[in-house]
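This report concerns only the one structure given below.
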Amino acid sequence: MMERRVSGMVFVLPFIGLYCFLLILPFVMGLWISFHRADLFGSRHWVGLDNYVRLFADPVFYQAMGTTFTLAVLIVPALTLITLLLALALNRASRSAAIFRGLFFSSSVLSVTIVTLIWRFVLTPDSGLIAKLLTAMGIEPLPFLSDPNLTVPALAITTIWWGLGLPMMLFLAGLQQIPQDMYEAASLDGANRWTTFFRITLPSLRRTTILVIMLQTAAQLQIFGQAQLLTQGGPSGSSRPIVLYIYEVAFGRWELGYAIAAAEVLLLLILALMLAQYWLSTRGEEVQR
Amino acid sequence: MTSLSLIDVRKSYGATPVLDGVTLEMGDCEFIAFLGPSGSGKSTLLRIIAGLEMADSGEVWLEGKRIDALAPGGRGVALVFQQYALYPHMTVRENMAFGLRNAKVPNTEIAARITQAAQTLEIDQLLDRKPGQLSGGQRQRVAIGRAIVKEPKLFLLDEPLSNLDAALRNRTRVELAQLRQRVRAAVIMVTHDQAEAMTLADRIVVMNDRKIQQVGAPMEIYDRPANRFVARFVGSPAMTILPAQGHAASGGYAQVQLKNGTLIQTRVSTADLPDDGEIEIGLRPEHVTVTAPGSGTIDGEAVIVERLGDRTLVYARLDDGSEIVAVDRGDSSVRMGVRVGLQIDGACAHLFDADGTCHHAERDQL
Ligand SMILES: Nc1ncnc2c1ncn2[C@@H]1O[C@H](COP(=O)(O)OP(=O)(O)OP(=O)(O)O)[C@@H](O)[C@H]1O
Ligand SMILES: [Mg+2]
């Protein structure tokens, strides 16, 4: 018994070591720095909880948090639904389905710079693709990148387009896992398409859906590149997500301690959300296994 | 009244024909077994009846209604899958109710049918479990229960026992036989286990090579196989088939000569045998008995001796190299390698002509 435990430990030890080195250590160091007034050149003054006190009184921090959650709420459900529908549509062995799968996945391999460039080209008022389309139809072009009400949706659309690939693939893999005879049984049970979808397909994709939602939530709460490149967080901070805020504080205002305090808060929030989702999703499942 | 009838059903996958003109009539509440080697198209035919596969041509009728263009759910058939195909995220109860809900059966009626079926199958303790929490045998019962509650006109079972261990298989076989008395419906069961087919079925449909080879009651298939394939496929150990030559008829019955010159008098009428030429003689093991060397019809060397307790099977090699299976008493003293005499009961022999058709011994009219 003891021996087995030891040999088990030997196998996981390298990973635990790496994990501590790359994740726990920075977290603890960050926590430590967040109790200081610190800049990027190494000067540090112990200030205790002062950074946190300031943070929770900072309206810009709240604005950034609000933007971040708005983005997540706009992106995660839409992305989950769209990729699920795409996967359903493309889950067949035909040649054209394979081509479309590749096409929809291809956006994911682009770097954020290129994605943003593409969408700048599409969204730019006056000369952008959408603007031209709207003008052609006789409608006033929408100022996607300068109207504070439109920048966040524009960011969301860009992000959704960029992020289609992975969740779609996860859903496709999930669909492939459903045995064919399940569908045959359902057809013998007289189930129509809707019933089959809601009673067979969807429940079978439960785990995949939970995974997609959790991964996407964690990822979208950390939106950065698109916002930085598309709108620079503007106008007047209306599209500044929290990570962009942290970046600006750390590398613009050089307030490392303060930035890290914000980062730690974000981390705890994401962790809490993940745990909540995990708890919610496993609650109904105890009976199943 | 006829239950199911198949008229000239054909099916091919691409260029590969799988079913080649299958025609079959089933009686009311009849239990039919499709028996055949792997790849003979049994499952394909079952799936065509169920509507999971479209036939290329031909008709499928059930109780006077043509069903081959109907959706699987509207045909009045229930299929028990080989791998059960239970819905893993539903409880046993929901699994059974699913089809009834889709058919808009009232809830009270659904509950009543489930209770009834669960009692019959002794799964009433399991109704609130999910399939993942059941043993293989229990899943099997649930799969059967899911079919029963639908009260179909025809049950289709695709190798229902093949996933069970030997003990459970025997028990389930008995239960299937009992169950059959209780549900008033026709049953088709696919199997490649002939013992299963023999014990359960009213009639057996032997399939091979894309076609129905023979349809008949179990003992009829065994006693009067239609052709060489059926003769070899049904019966264990298989019928011995030896090359022979037609010889002078005696009293209207064919007399054949084995390769070594031994004459065997059969009771096969010469009338329908080809005039002359190569024929083969078929002998069930129970029609060849072991005797002292030199005292039987022919001599051979015991190659394998299989002691089954109540009787002993002796696989003997004749001098020309061909093998023959014979039976001896349970306490037989025959050992491997010894010479034995073989007494052939020619009156029970079958003859096969050049195209494989089997000719049987005439029976005494009693
Ligand atoms: N979807 C398919 N595509 C191509 N060929 C198929 C398909 N399904 C079955 N076949 C072929 O049809 C033939 C009959 O298959 P079928 O499954 O009906 O055999 P079976 O008698 O049920 O065999 P088994 O006892 O192994 O289950 C086989 O040669 C098989 O390779
Ligand atoms: Mg099969």
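Observations on the model:
- Tensor-based shape of chain A (alpha-carbon gyration tensor, a/c under 1.5 rounded, otherwise prolate or oblate): oblate
- Listed residue (B:GLN83, B:GLN265, B:LEU35) projecting farthest to the positive dipole end of chain B, Cβ model: B:GLN83
- All Cα pairs of segment B:243-289, percent lying beyond 15 Å: 41
- Under a Gaussian network description of chain B, with springs only between Cα atoms under 10 Å, the residue in B:LEU62, B:LEU308, B:LEU134 that fluctuates furthest is B:LEU308.
- Candidate cross-link partners of B:LYS259 among the aspartates and glutamates, defined by an alpha-carbon separation under 12 Å and a same-chain spacing of 8 or more, comprise B:GLU278, B:GLU280, B:ASP319, B:ASP320.
- Neighbour cut-off at most 13 other Cβ (10 Å), DSSP loop, trypsin sites (Lys or Arg not before Pro), segment B:274-363: B:ARG335, B:ARG363
- Largest GNM mean-square fluctuation among A:ASN51, A:ASN149, A:ASN192, using chain A with Cα springs under 10 Å: A:ASN192.
- Calculated from backbone phi, Karplus (6.51, -1.76, 1.60) coupling profile of segment B:185-196 in Hz, x at Gly/Pro: 7, 7, 10, 10, 10, 8, 7, 10, 9, 5, 4, 4
- Dipole check for segment B:1-135: with +1 at the C-beta of Lys and Arg, -1 at the C-beta of Asp and Glu, and the Cα centre as origin, the magnitude is about 440 Debye.
- Under 14 Å, Cβ to Cβ, from B:LYS150 - net charge with Lys/Arg +1 and Asp/Glu -1: +4
- Nonlocal amide H pairs with B:LEU4, under 5 Å, H built at 1.01 Å: B:MET26, B:GLU63
- Put in line by how crowded their Cβ is, counting other Cβ atoms within 10 Å and starting with the fewest, A:THR113, A:THR217 read A:THR113, A:THR217.
- Between 0 and 90°, nearest 10: helix B:166-182 axis offset from chain B longest Cα axis: 70
- Computed from point charges on the beta carbon alone (+1 for Lys and Arg, -1 for Asp and Glu), the dipole magnitude for segment B:163-277 about its Cα centre is near 380 Debye.
- Peptide A:190-199 is shielded by partner chain Cβ atoms: per residue, an average of 3 of them sit within 10 Å of its Cβ.
- Among A:SER34, A:SER127, B:SER250, sorting on how many other beta-carbon atoms sit within 10 Å of each Cβ, with the fewest leading, yields A:SER127, B:SER250, A:SER34.
- A Cβ-based charge dipole, computed about the Cα centre of segment A:66-221 with Lys and Arg at +1 and Asp and Glu at -1, lands at about 300 debye.
- Of the trypsin sites (Lys or Arg not before Pro) found in segment B:161-250, the ones in coil according to DSSP and having at most 10 other Cβ atoms within 10 Å of their Cβ are B:ARG184.
- In the protein assembly as shown, the C-alpha radius of gyration followed by the widest Cα-Cα span (Dmax) gives 37.9, 124 angstrom.
- Residue among A:ALA272, A:ALA78, A:ALA191 with the largest mean-square fluctuation in a Gaussian network model of chain A, springs linking Cα atoms under 10 Å: A:ALA191
- For segment A:92-134: rounded, prolate or oblate by the Cα gyration tensor [a/c cutoff 1.5]: oblate
- For segment B:115-132, backbone nitrogen atoms closer than 18 Å to the point 7 Å from B:VAL174 Cα along Cα-to-C-beta are found at B:120-123.
- Unsatisfied cross-links (Cα-Cα over 20 Å) in the set B:LYS11/B:LYS42; B:LYS130/B:LYS153; B:LYS104/B:LYS130; B:LYS42/B:LYS150; B:LYS150/B:LYS211: B:LYS130/B:LYS153; B:LYS104/B:LYS130; B:LYS42/B:LYS150; B:LYS150/B:LYS211
- Sequence of A:LEU129, B:LEU242 once ranked by neighbouring C-beta atoms within 10 Å, starting from the fewest: A:LEU129, B:LEU242
- Between amide H atoms placed 1.01 Å from N, distances below 5 Å from B:VAL187 occur with B:GLU30, B:PHE31, B:ILE32, B:PHE155, all of them 5 or more places distant or on a separate chain.
- Panel values: segment B:240-365, Kirkwood radius from alpha carbon pairs, Stokes-Einstein at 20 °C and 1.002 mPa s, translational diffusion coefficient 144 µm²/s.
- Computed from the C-beta positions of B:GLN245 and B:THR2 and an R0 of 51 Å, the FRET efficiency is 0.70 to the nearest 0.05.
- Remark: mean inter-chain Cβ contacts per residue of A:174-185 equal 4, using a 10 Å Cβ-Cβ cutoff to other protein chain atoms.
Computed from the coordinates by the stated procedures, all read-outs in this text should not be read as laboratory data. All values reported here derive from a predicted model rather than from experimental measurement. All Cβ positions, glycine included, derive from the backbone under ideal geometry; neighbour counts span all protein chains shown.
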